[in-house]
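The values are calculated or read from the model by the stated rules, or taken from the named source; none is laboratory data. Bear in mind the structure is a predicted one, so any value in this text is a computation, not a measurement. Counting neighbours? That spans all protein chains shown, and the Cβs are built from the backbone with ideal geometry, glycine included.
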4 protein chains.
Amino acid sequence: MSIVLGPNQYGKAEVRLVRVDRDTARHRVTDLNITSQLRGDFRATHETGDNTGVIATDTQKNTVQAFARDGVGSPETFLLRLARHFLVEPQVTGGRWRAEQYGWERIATGTPGADGGPGHDHAFVRGAAERRTALVHADDAGLTVLAGLSDVTVLKSTGSEFSGFPRDRYTTLPETDDRILATDVTAWWRYDASFAEAAGPADYDERFAAVRALLLTTFAELHSLALQQSVYAMGSAVLEAFGDIAEIRLSCPNNHHFLVDLEPFGLDNPGEVFFAAGRPYGLIEAAVQRSGPDGQTGPEHPVWSTIGGFV
Amino acid sequence: MSIVLGPNQYGKAEVRLVRVDRDTARHRVTDLNITSQLRGDFRATHETGDNTGVIATDTQKNTVQAFARDGVGSPETFLLRLARHFLVEPQVTGGRWRAEQYGWERIATGTPGADGGPGHDHAFVRGAAERRTALVHADDAGLTVLAGLSDVTVLKSTGSEFSGFPRDRYTTLPETDDRILATDVTAWWRYDASFAEAAGPADYDERFAAVRALLLTTFAELHSLALQQSVYAMGSAVLEAFGDIAEIRLSCPNNHHFLVDLEPFGLDNPGEVFFAAGRPYGLIEAAVQRSGPDGQTGPEHPVWSTIGGFV
Amino acid sequence: MSIVLGPNQYGKAEVRLVRVDRDTARHRVTDLNITSQLRGDFRATHETGDNTGVIATDTQKNTVQAFARDGVGSPETFLLRLARHFLVEPQVTGGRWRAEQYGWERIATGTPGADGGPGHDHAFVRGAAERRTALVHADDAGLTVLAGLSDVTVLKSTGSEFSGFPRDRYTTLPETDDRILATDVTAWWRYDASFAEAAGPADYDERFAAVRALLLTTFAELHSLALQQSVYAMGSAVLEAFGDIAEIRLSCPNNHHFLVDLEPFGLDNPGEVFFAAGRPYGLIEAAVQRSGPDGQTGPEHPVWSTIGGFV
Amino acid sequence: MSIVLGPNQYGKAEVRLVRVDRDTARHRVTDLNITSQLRGDFRATHETGDNTGVIATDTQKNTVQAFARDGVGSPETFLLRLARHFLVEPQVTGGRWRAEQYGWERIATGTPGADGGPGHDHAFVRGAAERRTALVHADDAGLTVLAGLSDVTVLKSTGSEFSGFPRDRYTTLPETDDRILATDVTAWWRYDASFAEAAGPADYDERFAAVRALLLTTFAELHSLALQQSVYAMGSAVLEAFGDIAEIRLSCPNNHHFLVDLEPFGLDNPGEVFFAAGRPYGLIEAAVQRSGPDGQTGPEHPVWSTIGGFV
């Protein structure tokens, strides 16, 4: 038995790239945080510090920046360009490229823009704290594209219950038929290969918007008996609507809002005054998948082991 | 010469209060982070641990929660209620009550709500990371009301220059006639006493929205020769528009976006590819005030020493 | 083909538990952040909101707190107790229990303590920002114990080179034979079953201290030709020293410290003045494993897919 | 009445400077985060974007880095050098220079270092999360030096009570004669001019260490009837010990540790199992000063209005 190098990857993380499209007076801003990681035959650098095959992480950063000169398109297509570039090197047999995108909205000024549309041509205000995410994974089986979103904070002020759970020695939680349900949705969905190969930037952008809207609508409209039920319904709705999404995974904290007991002050509290607790929080994580004719879902796709945290 | 207790204050910080107005099926959510601090004759607890006069910070928290039972109104009016309540105690001669408010938007579902308006009746998504702020200060001279906003992140992709600055031994920055200008606006404005006394929740809400819009529009429309110029213009615009705002203070980091040098890769970069640096950042802070007939602005209002950081 | 629930888990995250051992005047403080997540047959709650089998996350929190009444021991043994408790329920077929531990040191006062030792008996100051971590994973194959550490920030001011890497169109990084090497070490090591079954709290504590010391010493003493080499050496040293550790994984950002160019100011800079960059950063991740007689390492242990991020 | 520029300052914030002293094989590392802000006649840039007098924030950063070439000494003396440099410019009439310092300890390797001392010569591990701070303030009256510390997290597991406070309609907190007392100490102390003028780097370093030790010892040894009492005792101890410290201000959150009610589980809890709450927290802030023969403390020193938050 001897000691050997196992799975490994390396790269440059969190390259903050802002691309301005200024071909007309009506600018567009694309604001990204990009991480590039390579896998392959990098045993020499680990064992002896021989860097002959090591594409420097600084070079990876430069490549990200240089590629942006031609435009970004969608985060998914930009990451695919990066992946294909690095995979040309023989020692690179796989990798992982990831992007977070921050939203910007045009500042409303009352004056029409260069194209007659609303909002300022080149002044922007940052939108919600939520982020759009994308990930391209490469291994021997080829390229896989995930899209996702992070920290979409949502809240229902009614239409949520939690009851019927077992009561053991350590159970004190009362049942409730009306509570606040709040979470920060993080989701990743995997496109099947046919979509990923054919889609252009506009397809990815449009699809992202459609999935985000569907997740929110489903959260809003389901009368929820458990956060698990909401999470599963959100995932199912996406798979039902889009046949070319192979599976989706969601990770949703239960951001507890406790009804404040106002009785000591001689007051009732009919679902109006809440304390928003920070920690601890519930944490609900689930994959929604497609089964084959045999009812089985097949082995786990290797991309998920690189995401971590919720399987 | 002897050792004595100087200025002091104490209270409960960051009470996370969520209030749901549910008198109709169309709920409203008010999401606040409230800090209550008292000043006065608290020498005994400091010197000997005699707590006879100490209104417990837990009691201050309870009071915040109990008062929310009657509704919040605007953050400014809610803080004024708290201030007046605590100031009744003889040992309390002053204090400071502060709120941050987080924005929620109705989830768009395509179905009209209970009042026929757009968006879901009781499902919400968190808006921008920016926060609305409010502060009530009490001292012997009475109550002072500040309103503000924090972390309104804005960016201009052109329309910003920086040149003409002196060059000494340590100057390497090139002049530029076209750069990205980006900042996170934090502002506090002080209402004069006449506005503060007369205003109801709707007045405060409306005024907040108007000041926010004016700050953004001014940032967008000014061709900027320095972030200082933008900051001063933003503050001036507010004072010009609203005679009952006595002064305004702004603190604005210069979130540097450096044009990436693509020449080593045989590429030009006509203002398109930027690196968004984190630290260090410029930091521009200024007050805009009104002068009297003698051109003087009078002594600094004591509320500012409790804000800190930018005077 | 139909839509089905895939892998899922749920629980309570970040239960902040502080346990004081006060059987003598010389108190001991154990400060933990604990997450409990269950896996098993939870289809009903996802599909229909039937919570009959759902051990409430609040109950999981209560259980953590109640179990602490008997003492914590080491984080590993405490998590094992929790795991075994929840696994008794028939619907629970697996799970994941995780702890972070924060260090406290006795405040030095010059007076000997109740046991004659140095430092105050019941007053403590928080130590380094680094955290000790532990994780127990349960699946059909039984229990697996990981131990680890997070954010152990280390720096070498010399004894680090980086050269010999390939130069392509996008390479601008100069080679260097003397640089600062700095990282925040995150590591997880997996105990083999024999150690995990036999070890008591003192064994886990002692082993943690020994592995931490070995990681640091190896980082310090290796003349580093690449961060990859340091990472691999650190992992190898642990496997060499401790036969009952099956494998170790490390994730190490390269916290770049750039030598400042002082030439414009007429100054040299012989490795003395550095700018500590934040983002982007390099990111080096590797597993160090044991191979069998055939040189193969066997399939990936399922625990790793729950860690994420660095395989 | 017209609109005018009020107080203002600008500069470069958070210059992360790492200085390695390598005159012998036994290196020393000084790790600082420095902010430089200037005040003076900067009306032109605000009103018209005329930058003739504006020492660029980039130049301020360069100056920080260039000055480090000669060594840092102590943070206080380094900031004084910067202040005196910038104050030479006629348009600069004041300013504010601030530093945070991060601690590094030598990695223990068992081998004596180049000077025979313990720990590695050039490999370091980051110490506690706490930071040493320093601030130099310049105005017409000259230079003022503050020293301080931030986020020194301390905890007493007994020796703390809280009772005797008034009970009103909103009071529910029970009295307690044994609780955990925990806080993150932030303190700033002001040296009188005679110390500030005469002190060299070693004096500042030694004094910092002595004040820190005294703050911790006092926290540890006082049987506390209120956090206010502990805070005042800590401040008083410093003024008593060091005649050349003019005043000290402390800001201390009360990091609540709530005794968990284990009765529902049939267990007692004699001060052993606690829940460490995050928000809300108490917040205790006080200045400790010297009074003159008339018992008065004189007007507030202008430096404090630039610190903010706790007076």
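Scan segment B:164-196 for residues that are under 27 Å from B:Ile248 (Cβ atoms), within 14 Å of chain D (Cβ to nearest Cβ), surrounded by fewer than 23 Cβ atoms within 10 Å (Cβ to Cβ) and of a type in the set (S, T, N, Q) and the total you get is 1.
For segment A:70-82, indicate whether the set of residues that are within 22 Å of C:Pro166 (Cβ to Cβ), without any contact (Cβ under 8 Å) to a residue 40 or more places away in the chain and at the interface with chain C (Cβ under 7 Å from one of its Cβ atoms) is non-empty. The answer is no, given that none of the residues of segment A:70-82 is within 22 Å of C:Pro166 (Cβ to Cβ), without any contact (Cβ under 8 Å) to a residue 40 or more places away in the chain and at the interface with chain C (Cβ under 7 Å from one of its Cβ atoms). Considering each residue of segment B:81-92 in turn, none proves to be crowded, with 20+ Cβ neighbours inside 10 Å and either not assigned by TED's automatic domain parsing to the domain that holds B:Asp31 or not in a helix (DSSP H, G or I) (or both). Is there a residue in segment D:13-23 that is closer than 18 Å to B:Ile284 by Cβ, surrounded by fewer than 20 Cβ atoms within 10 Å (Cβ to Cβ) and out of contact with any helix residue (DSSP H, G or I) (no Cβ under 7 Å at 6 or more places or on another chain)? The answer is yes, given that some residue of segment D:13-23 is closer than 18 Å to B:Ile284 by Cβ, surrounded by fewer than 20 Cβ atoms within 10 Å (Cβ to Cβ) and out of contact with any helix residue (DSSP H, G or I) (no Cβ under 7 Å at 6 or more places or on another chain). Of all the listed residues (D:Val64, D:Val18), the sole one being facing another protein chain (nearest Cβ under 7 Å) and hydrophobic (A, V, I, L, M, F, W, C) is D:Val18. Scanning segment C:93-103 for residues that are assigned to a loop (DSSP other than H, G, I, E, B) and either more than 25 Å from C:Glu14 (Cα to Cα) or touching a Ser or Thr at 6+ places or on another chain (Cβ under 8 Å) (or both) yields a total of 0. Among the residues of segment A:207-235, count how many are of a type in the set (A, V, I, L, M) and touching a Leu at 6+ places or on another chain (Cβ under 6 Å). Of the residues in that region, 3 qualify.
One line per residue, one yes/no per condition, for (1) assigned to a strand (DSSP E or B); (2) modelled with pLDDT under 95; (3) in the same structural domain as B:Ala198 (by TED's automatic domain parsing):
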position: B:Gly243; (1), (2), (3): no, no, yes
position: B:Phe275; (1), (2), (3): yes, no, yes
position: B:Pro293; (1), (2), (3): no, yes, yes
position: B:Pro299; (1), (2), (3): no, yes, yes
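Residues of segment C:231-246 that are touching a residue at least 40 places away in the same chain (Cβ under 8 Å) and within 9 Å of chain A (Cβ to nearest Cβ): C:Val231, C:Tyr232, C:Gly235, C:Ser236, C:Leu239.
Filtering segment B:281-293 for residues that are away from chain D (no Cβ under 11 Å), buried (at least 16 other Cβ atoms within 10 Å of the Cβ) and out of contact with any helix residue (DSSP H, G or I) (no Cβ under 6 Å at 6 or more places or on another chain) leaves an empty set. Just one of the listed residues (C:Leu283, C:Leu262) is in the same structural domain as C:Val211 (by TED's automatic domain parsing), in contact with an Asp or Glu (Cβ under 8 Å, 6 or more places away or on another chain), hydrophobic (A, V, I, L, M, F, W, C) and at pLDDT 95 or above, namely C:Leu262.
Across segment D:46-60, not a single residue is classified as buried (at least 17 other Cβ atoms within 10 Å of the Cβ), in a helix (DSSP H, G or I) and aliphatic (A, V, I, L, M).
Those residues that are surrounded by fewer than 21 Cβ atoms within 10 Å (Cβ to Cβ), part of a strand (DSSP E or B) and free of Cβ contacts under 8 Å to residues at least 60 places away in the same chain, I need them from segment B:247-268; list them, please. Hit for segment B:247-268 is B:Phe258, nothing else. Considering segment A:61-80, and only residues there that are among the small types (Gly, Ala, Ser) and in a helix (DSSP H, G or I), the residue that is nearest to C:Tyr232 (Cα to Cα) turns out to be A:Ala66.
Checking the stated criteria, C:Phe219 turns out not to satisfy the condition of being within 17 Å of C:Glu247 (Cβ to Cβ), aromatic (Phe, Trp, Tyr) and outside the structural domain of C:Val72 (by TED's automatic domain parsing).
For every residue, the table says whether it meets (1) closer than 30 Å to A:Ala83 by Cβ; (2) not in a loop (DSSP other than H, G, I, E, B).
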residue: A:Pro166; (1), (2): no, no
residue: A:Thr186; (1), (2): yes, yes
residue: A:Arg190; (1), (2): yes, yes
residue: A:Phe195; (1), (2): yes, yes
residue: A:Asp203; (1), (2): yes, yes
residue: A:Glu206; (1), (2): yes, yes
residue: A:Thr218; (1), (2): no, yes
residue: A:Gln229; (1), (2): no, yes
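Taking segment D:120-129 as the range and being modelled with pLDDT of 95 or more and of a type outside the set (A, V, I, L, M, F, W, C) as the test, the residues that pass are D:His120, D:Asp121, D:His122, D:Arg126. The residue that is nearest to the other protein chains (Cβ to nearest Cβ), among those in segment B:132-152 that are touching a residue at least 60 places away in the same chain (Cβ under 8 Å) and within 28 Å of A:Arg28 (Cα to Cα), is B:Val152. Checking each residue in segment D:130-149 for being surrounded by fewer than 20 Cβ atoms within 10 Å (Cβ to Cβ) and of a type in the set (Gly, Ala, Ser) picks out D:Ala141, D:Gly142. For segment A:227-242, the set of residues classified as closer than 23 Å to A:Phe165 by Cα and of a type in the set (Phe, Trp, Tyr) consists of A:Tyr232 only. Among the residues making up segment A:60-97, those that are in contact with a helix residue (DSSP H, G or I) (Cβ under 7 Å, 6 or more places away or on another chain) and more than 17 Å from B:Phe275 (Cα to Cα) are A:Gly73, A:Ser74, A:Glu76, A:Thr77, A:Arg81, A:Leu82, A:His85, A:Val92, A:Gly95, A:Arg96, A:Trp97. Contact map, segment B:190-205: first residue more than 11 Å from B:Thr144 (Cα to Cα), second residue surrounded by 17 or more Cβ atoms within 10 Å (Cβ to Cβ) and of a type in the set (D, E, K, R), Cβ cut-off under 6 Å, separation 6 or more or different chains; pairs are B:Tyr204/B:Glu76. Selection within segment B:27-45: residues that are within 9 Å of chain D (Cβ to nearest Cβ) and of a type in the set (Val, Ile, Thr). The member of this set that is surrounded by the fewest Cβ atoms within 10 Å (Cβ to Cβ) is B:Thr35.
Being closer than 23 Å to A:Pro280 by Cα and among the aliphatic types (A, V, I, L, M) is the filter here; which residues of segment C:44-60 pass it? Within segment C:44-60, C:Val54, C:Ile55, C:Ala56 qualify.
This table checks each residue for (1) basic (Lys, Arg); (2) closer than 30 Å to B:Leu216 by Cβ; (3) out of contact with any His (no Cβ under 8 Å at 6 or more places or on another chain); (4) not assigned by TED's automatic domain parsing to the domain that holds A:Phe124.
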site	(1), (2), (3), (4)
A:Gly49	no, no, yes, no
A:Asp58	no, no, yes, no
A:Lys61	yes, no, yes, no
A:Ala99	no, yes, yes, no
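Of all residues being among the hydroxyl-bearing types (Ser, Thr, Tyr) and farther than 15 Å from B:Gly73 by Cβ in segment B:16-38, which is nearest to the chain's Cα centre (by Cα)? Just the residue, please. For segment B:16-38, the residue satisfying everything is B:Thr35.
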